[in-house]
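**Q** A single structure is presented below for examination.
No lab work stands behind these numbers, since they all come straight from the coordinates. For clarity, every value in this text was computed on a predicted model and none was experimentally measured. So basically every Cβ, Gly included, is an ideal-geometry build from the backbone, and we count neighbours across all protein chains shown.
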Amino acid sequence: MSEPILSVKDLSVYYKKKKALDSVSVDFLPNEITALIGPSGSGKSTLLRSINRMNDLNPEVTLTGSVSYNGQNIYSPRTDTVDLRKEIGMVFQQPNPFLMSIYENVVYGLRIKGIKDKTVLDEAVERSLRGASIWDEVKDRLDDSAVGLSGGQQQRVCVARVLATSPKIILLDEPTSALDPISAGKIEETLFELKKDYTLLLVTRSMQQASRISDRTGFFLDGKLIEFGQTKEMFLNPQHKETEDYITGKFG
């Protein structure tokens, strides 16, 4: 079994006094898709935000425990959050392309890094859009505004924008929930292809999506990680009644 690329240990997160995550410990393995399931408010998105330190800007959030990426605690004072977010990219629920061309959306992170070489940028655009399975649809309109694309296309451009900075881990917070079934299917196919080169953590409300594309699944309830394991095993033979009730649609 390979070494975890990411280890969460006894992680608790509080919004003011409300506990959003309760002593969660879990390891994520490289080149796998891990689905995080559970009802709204169960802590799934809080975990994602903690993994790339998006809660840093909220003074009401406090956190105990640790998140280790490649053996280093990301909450150490030595961690550069800009570098961390290049390594651990994030795709959100609503497609959020910037008000600029498709090309400039994709190279945004590279320009921030100070990369100006047009050959390097051009190569990154093609590589990233191919990785996000949208190159053939947009290669002749890279100067058009990304906002003019369909929702599903916008979301794949947002995936390409993350890929351009060559991350190791991609966090996806319900990336298909705002999309129609055909667009959602294209995103799923894209994610399945991406796991050859990346580690993906996917928050999803769709049990079908989790069972179709994830290797492992974690079930969250009231801030606790109730169950974690191989997706097929969990869906066929859940170890906890709460997991079974959620998967079979008795609540959630």
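**Q** Based on the Cα coordinates of region 98-164, what is the per residue volume of their convex hull in Å³?
**A** 71
**Q** Separate question: Using mean Cβ contacts within 10 Å as the protection proxy, how do 187-194, 233-240 order, highest first?
**A** 187-194, 233-240
**Q** Related question: State the answer as a single residue: which of 228, 33, 155 lies farthest towards the positive end of the charge dipole of the chain, with beta carbon charges of +1 for Lys and Arg and -1 for Asp and Glu, about the Cα centre.
**A** 228
**Q** If I fit a long axis through the Cα atoms of helix 151-163 and take the longest principal axis of the Cα atoms of the chain, what angle between them do I get, 0 to 90°, rounded to 10?
**A** 90
**Q** Per residue, what volume in Å³ does the Cα convex hull of region 88-231 take up?
**A** Dividing the Cα hull volume of region 88-231 by its residue count gives 115 Å³.
**Q** Moving to a separate point now. What order do you get for 219-225, 83-89 when each peptide is scored by the mean count of other beta carbon atoms within 10 Å, highest first?
**A** 219-225, 83-89
**Q** Let me know the charge dipole size of region 1-93 about its Cα centre in debye, to the nearest 20, where only the beta-carbon of Lys, Arg (+1) and Asp, Glu (-1) is charged.
**A** Value, rounded to 20: 420 debye.
**Q** Taking the dipole about the Cα centre of region 6-247, with the C-beta of Lys and Arg at +1 and of Asp and Glu at -1, give me whichever of 62, 43, 166 is farthest to the positive side.
**A** Most positive-ward Cα: 62.
**Q** Now for a different question. Would you mind counting up the charge near residue 182? Only other residues with Cβ under 12 Å from its Cβ, with Lys and Arg at +1 and Asp and Glu at -1.
**A** -2
**Q** Enumerate the amide H contacts of residue 61 below 5 Å, restricted to partners 5 or more residues apart or on another chain; note that Pro and chain-start residues carry no placed amide H.
**A** For residue 61, the qualifying residues are 16.
**Q** Give me the dipole magnitude in Debye, nearest 20, for the chain about the Cα centre, with unit charges on the beta carbon: positive for Lys and Arg, negative for Asp and Glu.
**A** So the magnitude is around 560 debye.
**Q** Continuing with this model, one more query. Excluding residues on the same chain fewer than 8 positions from residue 44, give the lysines whose Cα lies under 19 Å from its Cα.
**A** Partners within reach: 9, 16, 17, 18, 19, 224.
**Q** Dipole magnitude of region 65-118 about its Cα centre, charges +1 at Lys/Arg Cβ and -1 at Asp/Glu Cβ only, in debye to the nearest 20?
**A** Roughly 120 debye, rounded to the nearest 20.
**Q** If we restrict to alpha carbons, what Rg and Dmax does the chain come to, in Å?
**A** Values for the chain (Cα only, Rg and Dmax): 18.2, 56 Å.
**Q** Now for a different question. Name the residue from 219, 190, 138 whose Cα lies farthest towards the positive end of the charge dipole of region 6-247, charges +1 on Cβ of Lys and Arg and -1 on Cβ of Asp and Glu.
**A** Working it through, the farthest residue towards the positive pole turns out to be 219.
**Q** If you average the alpha carbon positions of region 148-205 and of region 6-65, how far apart do those two centres end up, in angstrom?
**A** 20
**Q** Right, next: Read phi for every residue in region 54-62 and hand back ³J(HN,Hα) as whole Hz from Karplus 6.51 cos²θ - 1.76 cosθ + 1.60, θ = phi - 60°, with x for Gly and Pro.
**A** For region 54-62, the Karplus-derived couplings read 6, 7, 4, 7, 9, x, 7, 9, 10 Hz, x marking Gly and Pro.
**Q** Once you have the Kirkwood Rh of region 193-252 from its Cα pairs, apply Stokes-Einstein at 25 °C and 0.890 mPa s and quote D in µm²/s.
**A** Reported coefficient: 202 µm²/s.
**Q** Applying 1/(1 + (r/R0)^6) with R0 = 30 Å to the Cβ-Cβ distance of residue 58 and residue 168, what FRET efficiency is obtained, to the nearest 0.05?
**A** 0.75
**Q** At 0.36 nm per residue, and after removing the present C-alpha to C-alpha distance, how many nm does the segment from residue 208 to residue 140 gain when stretched out fully?
**A** This chain segment gains 21.0 nm when fully extended.
**Q** Quickly work out the residue 117-to-residue 87 label distance, labels modelled 7 Å from Cα along the C-beta direction, and quote it in nm with one decimal.
**A** Taking the simple label geometry, residue 87 and residue 117 are separated by 2.4 nm.
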